[in-house]
1. Within segment 132-149, does at least one residue satisfy the condition of being touching a residue at least 24 places away in the same chain (Cβ under 8 Å), on the phi > 0 side of the Ramachandran plot and surrounded by 12 or more Cβ atoms within 10 Å (Cβ to Cβ)?
2. Residues 117, 102: which one is at pLDDT 95 or above and over 19 Å from residue 208 (Cα atoms)?
3. Is it the case that segment 16-28 has a residue that's closer than 19 Å to residue 111 by Cβ, part of a loop (DSSP other than H, G, I, E, B), modelled with pLDDT of 95 or more and touching a helix residue (DSSP H, G or I) at 6+ places or on another chain (Cβ under 8 Å)?
4. If a residue must be surrounded by 13 or more Cβ atoms within 10 Å (Cβ to Cβ) and farther than 24 Å from residue 52 by Cβ, how many such residues does segment 184-236 contain?
5. Quick one: what pairs do we get from segment 153-172, first residue within 11 Å of residue 185 (Cβ to Cβ), second loosely packed, with under 12 Cβ neighbours inside 10 Å, C-beta under 9 Å, 6+ apart or different chains?
6. Report yes if residue 87 is over 25 Å from residue 179 (Cα atoms) and surrounded by fewer than 24 Cβ atoms within 10 Å (Cβ to Cβ), otherwise no.
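The values are calculated or read from the model by the stated rules, or taken from the named source; none is laboratory data. Just so it is clear, the model here is predicted, and its values are computed rather than measured. Here Cβ is always computed from backbone atoms with ideal geometry, including for glycine, and neighbour counts include all displayed protein chains.
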């Protein structure tokens, strides 16, 4: 996704209420992501939005900032924009300012968008606010469980990854740069990211939600490898 011009310009003196800002933000994001086939589409954003609001209510987060950040968290994913980790935050900030939001609000959302992504096993979360924590937890929850498995293979197909290469060991990337340069199979991605997410939840609610989804992907990887090695077949 390349840089896009923000399309909403408010007439002088016109102030949108929060509901209108949410609606226009959602419309903007949906227009950008509606044709995605990598698992980072509008419906991923909608699921993250719902999860983030649920987690946020349990954790006492500001609902407005949480919803805006969840809507915008993948507006320009670094995995598709050439590796620019800052572009999404710039687009988010400019959009919200053009919609008439305060600088403080726009900066709060942009900070979450900048730091939401997983960038390697050796990279630590930099979320400073509870809003950032619940959005990041929601995004990670959607990378787990049955939907997470489906999304992993959709992403691998778009990126031209092999489903599995038994000669290629998983690699726990030590830095953002190393993770950005990763070259591996989809099954390796489970070891390099998805199976690590349970222990990287920020909130108690996120950790609770992650338990079942982690077990789903654990069982899937176990069964996949067993079938690959023909270990699941009955003795003749």
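1. We begin by selecting, within segment 132-149, every residue touching a residue at least 24 places away in the same chain (Cβ under 8 Å); these are 132-149.
Retained after the next criterion (residues that are on the phi > 0 side of the Ramachandran plot): 145.
Add one more test, that the residue is surrounded by 12 or more Cβ atoms within 10 Å (Cβ to Cβ), and what stays is 145.
Yes: one or more hits.
2. Values: 117 fails: at pLDDT 95 or above.
102 is the lone residue from the list that is at pLDDT 95 or above and over 19 Å from residue 208 (Cα atoms).
3. There is no residue in segment 16-28 that is closer than 19 Å to residue 111 by Cβ, part of a loop (DSSP other than H, G, I, E, B), modelled with pLDDT of 95 or more and touching a helix residue (DSSP H, G or I) at 6+ places or on another chain (Cβ under 8 Å).
4. To start, the set of residues in segment 184-236 that are surrounded by 13 or more Cβ atoms within 10 Å (Cβ to Cβ) comprises 184-198, 200-203, 205-207, 209-210, 213-218, 220-221, 224-225, 228.
Of the ones still in play, those that are also farther than 24 Å from residue 52 by Cβ are 184-188, 191-192, 218, 220-221, 224-225, 228.
Looking only at that region, the number is 13.
5. Correct list of pairs: 161/183; 166/229; 168/183.
6. Working: over 25 Å from residue 179 (Cα atoms): no; surrounded by fewer than 24 Cβ atoms within 10 Å (Cβ to Cβ): yes.
Against the criterion (over 25 Å from residue 179 (Cα atoms) and surrounded by fewer than 24 Cβ atoms within 10 Å (Cβ to Cβ)), residue 87 does not qualify.
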